[in-house]
Amino acid sequence: MTKQPSDGPIQIPKWDVALEALVKEEQHNLGRPLTLEDFRRLAQHYTIRLDDIMVTLFELCIHGRWRYEGADHRITRELLEEITAAGRIKDEDLKGFKGGWRAVD
């Protein structure tokens, strides 16, 4: 086995890439921005915590890969830290998010 020099540190996304693929496929299949109800349905269908999906979506928005389309909130690192300060994101933390979520292609 030959070792080759690394070109630097490996970049690890700050989000779950499997969840990113799942929600991107769902948005593609539906042909519209996704809503909290879509994420709740996916969480229940695949037995995934809604919190995990939403943290992934927040990180994707913060990194410019997705965007939240709603006048009620602007997705920022500070907002994510605020709603996760007590631990996991709860339903009451999300009730104001009535807009849609869309991948930036």
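The requirement of being farther than 18 Å from residue 93 by Cβ, more than 10 Å from the chain's Cα centre (by Cα) and modelled with pLDDT of 95 or more is fulfilled somewhere in the stretch 47-57, by at least one residue. Do the conditions hold for residue 101, that is, is it among the hydrophobic types (A, V, I, L, M, F, W, C), surrounded by 13 or more Cβ atoms within 10 Å (Cβ to Cβ) and in a strand (DSSP E or B)? Against the criterion (among the hydrophobic types (A, V, I, L, M, F, W, C), surrounded by 13 or more Cβ atoms within 10 Å (Cβ to Cβ) and in a strand (DSSP E or B)), residue 101 qualifies. Hey, among the residues in the stretch 62-78 that are surrounded by fewer than 16 Cβ atoms within 10 Å (Cβ to Cβ) and either out of contact with any strand residue (DSSP E or B) (no Cβ under 9 Å at 6 or more places or on another chain) or over 21 Å from residue 23 (Cα atoms) (or both), which one's modelled with the lowest pLDDT? Only one residue fits best here, namely 72.
Residues that are in contact (Cβ under 8 Å) with a residue 60 or more places away in the chain and surrounded by fewer than 17 Cβ atoms within 10 Å (Cβ to Cβ) were ranked within the stretch 31-61; the one that is farthest from residue 97 (Cα to Cα) is 32. Contact map, the stretch 78-105: first residue touching a residue at least 60 places away in the same chain (Cβ under 8 Å), second residue assigned to a helix (DSSP H, G or I) and surrounded by 10 or more Cβ atoms within 10 Å (Cβ to Cβ), Cβ cut-off under 7 Å, separation 6 or more or different chains; pairs are 97/36; 101/57; 102/27; 103/24; 103/27. Looking across the stretch 9-25, not a single residue is among the charged types (D, E, K, R), in contact with a helix residue (DSSP H, G or I) (Cβ under 6 Å, 6 or more places away or on another chain) and free of Cβ contacts under 8 Å to residues at least 40 places away in the same chain.
The values are calculated or read from the model by the stated rules, or taken from the named source; none is laboratory data. The structure displayed is predicted, hence computed values, not measured ones. Glycine also receives a Cβ, built like all others from the backbone with ideal geometry; neighbour counts cover every protein chain displayed.
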